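The values are calculated or read from the model by the stated rules, or taken from the named source; none is laboratory data. Note that the structure is a prediction, hence the values are computed from the model and not measured. With ideal geometry, Cβ positions are generated from the backbone for all residues, glycine too; neighbour counts draw on all protein chains shown. To get the accessible areas, we keep the full protein, side chains included, count just its heavy atoms, and leave off ligands, DNA and RNA. Shrake-Rupley method; radii C 1.70, N 1.55, O 1.52, S 1.80 Å.
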Amino acid sequence: MESTEAFIYRIISIVNCCPPFREFANRMAQLAKEDGEDLLRQAEGSLDRITALATRAISELIVQDVKPFSKKLLGRRWLNNSDACDGIVSILEEHTAGLRKLSQGPYQATISELHRSILLEFVRPLIQGKMSCTTSKTRRKVASKLREESKQLVQIFSRLDSPQTTLDQVLPRLTEILVLEDISSIQMEVGMLVSDFPDFRKRHLSSLLDVRGLWDPSSRQQILAVLHDLEGADALTPCRSTPGLFSDISITRDTRCISISLSRASQFGRRTLSRLSHRARNISSSSDGGLGNGEEDTQL
């Protein structure tokens, strides 16, 4: 049976033909007087599809290699050892030399998709409640562990020259929502998270609040209201080009429902977003100056 590495090399040899073919198509289009633009558009469309398929295939093959380790994330023994994240990083390092054989355009697309896919392996089990963190001690331990592993991922994808640096913020933002006790601080973290990841929805936030054991209806309503207007209007667009992340995370278990007046939530959400926008601008101005599948669910 062909190894993953050998299969990836075969895909790379195919996708690396796309840039010279693209250049050739451009030259031919210049020579064609009447239908050159239409022919070029068709050729570029075909080359784009080949690149997209190759990018997805390479990413999926590497993710399959890390599955024996990623299925341990947020599992029973995860808090007390580093085997899972170390194994994932090790496999990424093993594939680095092969990935570098990609030409520039396909390389950037492949690393972007791989970065997104690896982050999903960490974010999915957290959002889906693989580990319950209903005590402040457990929340602090889980948040500390995720921050540590986030730093490892930042380092490896920095070495791989990933263009999707916004993805580096997702785990730190989620851990802050997990451990913060002040409602307004949680609201601000939610607002900053959704500004970078517009596909973060109320169902994801509600599930995360369940994970941290925040059951108080009033507190939940105040936090969820931040997303109320955004989910209805899709009003927020990211400041950078960020691939979808949370849209690939399904919530299959019931989340705690609360009674919420839509008109009151809408009014509260608009006030909260206005405050968050003002605070975010202040933070930005000051800075300019100077986690599925695998092990059974764990209850701690």
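Phi angles of region 55-60 translate, via the Karplus equation with coefficients 6.51, -1.76, 1.60 and θ = phi - 60°, into HN-Hα couplings of 4, 5, 5, 4, 4, 5 Hz per residue; Gly and Pro are given as x. Here each label is just a point 7 Å from Cα along the line to Cβ, and for GLU34 and LEU79 those points are 7.4 nm apart.
Full extension of the chain between ASP86 and SER144 yields a length gain of 19.3 nm, computed as 0.36 nm times the residue separation minus the alpha carbon distance.
State the extension gain, in nm to one decimal, for the chain segment bounded by SER184 and ILE14, taking 0.36 nm per residue of separation less the distance between their alpha-carbons.
In short, 56.0 nm is gained.
For the pair SER218 and LYS101, what calculated FRET efficiency results from E = 1/(1 + (r/R0)^6), where r is the Cβ-Cβ distance and R0 = 41 Å, to the nearest 0.05? For LYS101 and SER218, the calculated efficiency is 0.15. Taking the charge dipole of region 80-173 about its Cα centre, with +1 at Lys and Arg Cβ atoms and -1 at Asp and Glu Cβ atoms, the residue from ALA143, TYR107, PHE157 reaching farthest to the positive side is ALA143. Model label sites at SER132 and LYS67, defined 7 Å from Cα along the beta-carbon direction, differ in position by 2.9 nm.
Hey, how many Å between the Cα centroid of region 82-137 and the Cα centroid of region 153-204? About 15 Å separates the Cα centre of region 82-137 from the one of region 153-204.
The calculated FRET efficiency for the pair GLN155 and SER247, based on their C-beta separation and a Förster distance of 30 Å, comes to about 0.65. Note on region 103-239: with neighbouring protein chains present and a 1.4 Å probe, carbon and sulfur make up 49 percent of its accessible heavy-atom surface.
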